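Derivation of every value follows stated rules applied to the coordinates shown; laboratory data play no part. Since the structure is predicted, the reported quantities are computational estimates derived from the model, not experimental observations. FYI the Cβ positions are ideal-geometry reconstructions off the backbone, even for glycines, and counts take in every protein chain you see.
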Amino acid sequence: MTRLLGVLTVAAIGVGGWYGARQFEAQVERGEGGHVERITLEPRGRLAPRTGAGTSGGTGRAGPGAASTIRIATFHFDRLDDHRFARPVVADLLAKLVPQFDLWAFQDLSGSSPSVLLRLLERVNEGGRRYDFAICPSVRENPTGRYLAFVFNRDTIEVDTDTVRTGEDPTGQFRHRPLVGLFRVRGPSPDEAFTFMLVNVQVDPAYADHELPRLADVYRAVRNHGLGEDDVILIGNFAAVARKIDAVFEPARLSTCVTGPMAGAGGQSTTSNLVICRRATAEFTGRAGVFDLVQAYKLNPLTLQTVSAHLPVWAEFTAHEGGTPGFVP
């Protein structure tokens, strides 16, 4: 365990073999006929401090109209790349799906650059939305890479870009290294807003018996060295049903958010979930589930297979740190 904690900790920025990370805003230049000629990426900044008034972060949704909850979701794509996204059925479905939730953890994206994310968010933001993404720069360094990503609504969520990290794994504990980032809800003041570490995971089904138990060690490493943040959420594809995940994580006092039926009306199932310590993360409202794409969008199950064999999973959290009276997890 000690060795694993040393490998997957998020202790000091730039220490312990972590890759640096930045988040970017896409600037799209079009030529005649509306064709994309060039896409440039401009870096964004960090979270505002939690203390003091008048800081630049955490005010995007303040006031009486601010929502009291956020919804965090995860989706395993089965290797989504530019070629698959070029299919109208895929692009149309994802453009409808992404705005349903405030923050996404995506697994199994593919390509020599994050161009599929840029094109996805260009579609999502056509109506004036402000969704963005955060990834590790190693995506740009590995031309055949399959990678994980965070996608979020900038009106409701902000990210500390310096904390978006993927860990080195020299001993080969994981086939897909977890992606970690520090997030905060916009709307409440920085001192009151729900702040949390999100750990995006993709367990390889062929190695699930080896990888799944070690995610509890990853959770402890992030909690103990994650910039003093005690709210840690494991999210992604665990390659196991909720019952098995709960059994494996019980010694660590971790449990799944989605415990009900894990299949949709079309027969699709999922092994994705969110895992938390319920005593630590009191912000979980108890509301969670599988987002049934077939039922929501009246799809043919065969059509859904062109997008993914999995279904998205989500959970709801209060916007304020420590939870909101009236919610009982």
- Query: Non-local amide H neighbours of HIS320 (under 5 Å, H modeled in plane, Pro and chain starts lacking H): which ones?
  - Reply: PHE194
- Where in segment 174-198 is the amide nitrogen less than 18 Å from a point lying 7 Å along the Cα-to-Cβ axis of ALA252? 174-182, 196-198
- Note on the structure: Amide H contacts under 5 Å for ARG186, restricted to residues at least 5 apart in sequence or on another chain and with H modeled in the peptide plane, are ILE157, GLU158
- Message: Give me the tail of P(r) for segment 171-319 as a percent: Cα-Cα pairs with distance above 24 Å.
- Response: 35
- Note on the structure: Here the alpha-carbon Rg of segment 209-255 over 2.2 N^0.38 Å rounds to 1.14
- Calculate the spin-label point distance for THR259 paired with ASP82, positioning each point 7 Å from the Cα along the beta-carbon direction, and give it in nanometres. 4.6
- Item | Rounded to whole Hz, the Karplus (6.51, -1.76, 1.60) HN-Hα couplings of segment 281-298, x for glycine and proline | 9, 6, 6, 5, 7, x, 8, 6, x, 9, 8, 7, 5, 4, 6, 5, 10, 6
- Note on the structure: HN-Hα couplings for segment 195-204 via Karplus (6.51, -1.76, 1.60; θ = phi - 60°), in whole Hz with x for Gly/Pro, come out as 10, 7, 8, 10, 10, 7, 10, 9, 7, 6
- Roughly speaking, what is the stretch gain from ARG243 to GLU122, that is 0.36 nm per residue apart minus the C-alpha to C-alpha distance, in nm to one decimal? 39.8 nm
- PHE291's amide H: which non-local residues (gap 5+, or another chain) put their own amide H closer than 5 Å, with H modeled 1.01 Å from N in plane and none for Pro or chain starts? VAL313, TRP314
